[in-house]
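Worksheet for the structure shown next.
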Amino acid sequence: MLTPRKRITKKQLKEDKLITYTVKAKDWLDENLKYVTGGVAAVVIIIVAIFMFSTSRKNAEAATSVELANAMHVYESRDYTNAVNLLTNIVNKNKSTKSGKLARYYLAQSLYKRGEYSAAQEHFRKFATSFQADEYLKIVAMAGEAACLEQQDRFADAAVKYENIGKRYPDSPRAARYYLRAARCYALAGNSSKAQETYQLIIKNYPDSQEKNDAVLYSALE
């Protein structure tokens, strides 16, 4: 009787790679044993294994950055169908690298531009939770997820997402903009009281913003 295959976790996969390089380091040590003596051997194995592992990661990053550059040429030409194919391939192969994570962001953007809002939403979400290198891109990805919900007429959910960006990054230059989008989505969801509350928050907390003027106008019309 066949038994189900056990799912391999990311942590186990990373550990397996390190084990592989440890074995390679041991092979290297066997070939160069005459140059290494005593208890130093074990330390050498560890050092060589870590060096090989680190070098492999750097090589993967370099290769992925080249693939991403090629995919970006396609993306910039607005050929989003082929961009999706190229970026999906990068994400599937090297999603743990910085370039792989960035590829996910542009994959989400490409899917959004193709009108595939559900798939785009998922990739925006994954990017926002995994990418820490740039706060601006993280915020834009969070807004992208909210925009996908809005495009699917899930206005209440979109409003909460937009509002959460403002709460989490109140000093962002875009905070007032996302609060305004939250208010609009609350209004579209039929929650007039929450929309009014958000308009008043913009008027009070962002008095010098363009969004403040819009909030005054929309508040009067609500």
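Across the options ALA215, TYR162, GLY190, the greatest Cα extent toward the positive end of the charge dipole of the range 153-222 (unit charges at beta carbon of Lys, Arg, Asp, Glu) belongs to TYR162.
Structure note, pairs LYS126/LYS204; LYS101/LYS167; LYS113/LYS194: Cα-Cα distances above 28 angstrom occur for LYS126/LYS204; LYS113/LYS194.
For the range 114-148, list residues with backbone N below 16 Å from a point placed 7 Å from the Cα of LEU188 toward its Cβ? Residues passing the 16 Å test: 115-118, 121, 143-148.
Taken about its Cα centre, the range 153-222 carries a charge dipole of roughly 180 debye when the Cβ of each Lys and Arg holds +1 and the Cβ of each Asp and Glu holds -1. Shown in residue order for the range 200-210 are the 3J(HN,Hα) couplings computed by the Karplus curve 6.51 cos²θ - 1.76 cosθ + 1.60 at θ = phi - 60°: 5, 4, 5, 4, 7, 8, 10, x, 9, 8, 5 Hz (x for Gly and Pro). Shown is the FRET efficiency for GLN152 and ALA62, computed with R0 = 41 Å from the Cβ-Cβ distance and rounded to the nearest 0.05: 0.60.
For the pair ASP208 and GLU116, a Förster radius of 45 Å applied to the C-beta separation gives a FRET efficiency near 0.75, rounded to the nearest 0.05. Going from the residue with the fewest nearby Cβ atoms within 10 Å to the one with the most, LEU221, LEU180, LEU201 rank LEU221, LEU201, LEU180.
Taken along its three principal axes, the alpha carbon spread of the range 153-222 comes to 29, 26, 15 Å, from the longest extent down to the shortest.
Sorting VAL66, VAL91 from the fewest to the most surrounding beta carbons within 10 angstrom yields VAL66, VAL91.
Sorting 187-197, 72-82, 101-111 by average packing, meaning the other beta carbons within 10 Å per residue, from highest down gives 101-111, 187-197, 72-82. Efficiency by 1/(1 + (r/R0)^6): what FRET value for ALA133 and GLU222, r their Cβ-Cβ distance, R0 = 45 Å, to the nearest 0.05? Efficiency, from the Cβ-Cβ distance: 0.70.
Computed from the coordinates by the stated procedures, all read-outs in this text should not be read as laboratory data. Everything numeric here is computed off the predicted structure, so don't read it as measured data. Every residue, glycine among them, receives a Cβ derived from its backbone with ideal geometry; neighbour counts consider all protein chains shown.
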